[in-house]
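Taking it in order: structure first as structure tokens, then the write-up.
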Ligand code: BGC
């Protein structure tokens, strides 16, 4: 075995150079893996700019304005006589949304708009695998083309600031580094199919409460270091073709008319060339929004001609309040997008495919790496099917489907394997399954929230259990060798447009779990949810605890494979699970949800940055997740002992030995810390990770590349990223609270 993989990796890097989607992955020998993969997107084309100018010169003002606003729920107008097609959009993050009627939110009622339901964002991020993020983007990109879409309103990547966030399940993570490492390959994969990503929601849209008007105040350093990196990487690395302006205000201005954010930061600083599309009904002015950098106004039903960028804009031009040259600038961007996507220009365009077995397999692969094993004290898992005759399966979540539901974009799919179906598919016939519902999803309708023509029921849950269902569940558990309780939430409970009130498990599940655990200690609790819940008591009482997500078409099969051991779990939490809501930064600082204004008083200390800096013990830390095997992480080395300079890449190698008896994947995580800094520093920050497959008895060397510029902080006075010289400590392990190795490096 080679003792020094790093020069080898550098050699690979040097030979291949840096180009689109280079795979710098080699097996040096059976025991060495050096993995660094970079993803970069192709920029918008300018090859047709002259043609575009001549098309614009022939357009009427009405035709131009038609391209700048929704003329149906998910399209803007084309100009048929000039060969300009409509711009066709679809949600979203879980897969291509079913077709919506042209002038209302009602489903169009088609029978050819079925799609693959992919794991929600939190599931993807729990896999900690950028290659799977590319697979996801590429797969859903093919589906978007098969549905003849130009823009997919995805990925949704706002930072998870509070565990209560209604869209936590849809977003990726609390950490800016993990966020961008997943968002970039996702966008590149999507756009490789002649479809534009619409990266959302730009920016600082971290709560649903008052989202339509709340004015977000963040200090500049936290903005740059926590909330913006993913958007910047989406522009500079992935070359995202469109961006969605958020509902909320930022420093006093709505984000769809925020000159600083849209023109100065997004375009001037980062070089964004694409199209800014508003969130649905997020525009408030005609002239101001356009001049501030918005290109397209989308919205909810009202006569489309009344949109701000429709008749009112035409009136403004006629009144001399805005020049037609300004209008042309925005129309030109849209036409450039169309040529880039080949919806104009006559070049052959990706045709795509939808609901294929290959895409279901993509959804399966992501789901199977996303399941997080939280506890397995008595080795109840994986379930040894040769030793059991009967399994009791308990809980409404065993049969709950989540492709549709709640408020916001879902997917109409022909396949959603529930956890119960997954077990039925995977268990041998000799094992009998006794299913008992145990608890029911019940709500007491309380208040209604209107959104366009859709009324959303925001409801209180009913937490009283039905005694007959409890009795059935207890009987099933008593008479089973093993019980699995499927608990958690669903997409009706965790939903866009409202944040949760607390971390309590709904529908009386806590009480049910208590009762079942009392009669059968061989009980595995499986949580299916997209956001943290208070599971402190369950953690203390149950010996086996698993976390799964709204996990796509194949979620039930993937989960069964993990429970039965065909798949060795390798998921890691993409956020911190607090013991108490008030331990989380936004709540500890009493700065959520605000009222007219919300001030992010925790500053840089978002997620684990708070817990680690303030020494608060979480229930489960960021990056945490067990395996059915054990790994030893050792022999950390850097590629040189001397100092590094600002342009260098630090290659850190670390041996990962599988010391257990099952092949498996481990996520090696690298956190950087800087003592004696001239500025405020958080205790540690994720700056690299690699997911490696290690067979039993094997040692794999993971090589993590840390560009020195990743260690920079944002210097507010200089308005620039600054790498502070000096000593940094790199801590390496398999969770933010299990860091087994340390090495120091010097920057000159
Ligand atoms: C959401 C967006 C979504 C849009 C269109 C809005 O309510 O915030 O994420 O893309 O609706 O459905």
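Below are the figures for this structure:
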| read-out | value |
| --- | --- |
| Spin-label zone in the range 156-199 - amide nitrogen under 17 Å from a point set 7 Å from the Cα of residue 501 along the C-beta vector | 164-166 |
| Distance (nanometres) between label positions extended 7 Å along Cα→Cβ at residue 110 and residue 511 | 4.6 |
| Contour minus Cα-Cα distance for residue 464 and residue 54 (0.36 nm per residue) | 140.9 nm |
| Largest-first principal axis extents, alpha carbons of the range 244-339, Å | 33, 28, 26 |
| Estimated [θ] at 222 nm from DSSP helical runs (n ≥ 4, -39500 (n - 2.57)) normalised by residues in the chain, nearest 500 | -7000 deg cm²/dmol |
| Pair residue 716, residue 645: separation of 7 Å Cα→Cβ label points (nm) | 3.2 |
| P(r) weight above 24 Å for the range 26-153, C-alpha pairs, percent | 50 |
| Taking the convex hull of Cα positions in the chain, its mean projected area over all directions (nm²) | 31.3 |
| Protection proxy ranking, peptides 723-735, 339-351, average beta carbon neighbours within 10 Å, highest first | 723-735, 339-351 |
| Share of alpha-carbon pairs per 5 Å distance bin for the range 345-493, given as whole % | 2, 7, 12, 16, 16, 14, 13, 9, 5, 3, 2, 1, 1, 0 |
| Rounded FRET efficiency, nearest 0.05, which uses the C-beta distance separating residue 259 from residue 617 and R0 of 45 Å | 0.55 |
| Theoretical FRET efficiency, 1/(1+(r/R0)^6), r = Cβ-Cβ of residue 103 and residue 80, R0 22 Å, to 0.05 | 0.65 |
| Beta bridges per DSSP with both ends in the range 63-168, % antiparallel, nearest 5 | 65 |
| Among beta bridges that DSSP assigns inside the range 360-507, antiparallel share in %, nearest 5 | 45 |
| In nm, spacing of pseudo-spin labels at residue 634 and residue 429 (7 Å Cα→C-beta vector) | 4.9 |
| Ranked packing of 622-631, 496-505, most packed first, by mean Cβ within 10 Å | 622-631, 496-505 |
| Net length gained if the chain between residue 385 and residue 471 were fully extended (0.36 nm per residue, minus Cα distance) | 28.4 nm |
| Mean Cβ count within 10 Å, highest first, over the residues of peptides 704-713, 289-298, 464-473 | 289-298, 704-713, 464-473 |
| Fully extended contour minus Cα-Cα distance, from residue 377 to residue 679, at 0.36 nm per residue | 104.5 nm |
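Quick note: the coordinates plus some simple rules give every number you see, no bench work behind them. Every value quoted in this text rests on a predicted model; they were computed, and no experiment measured them. Note: ideal-geometry Cβ built from the backbone for every residue, glycine included; neighbour counts use all protein chains shown.
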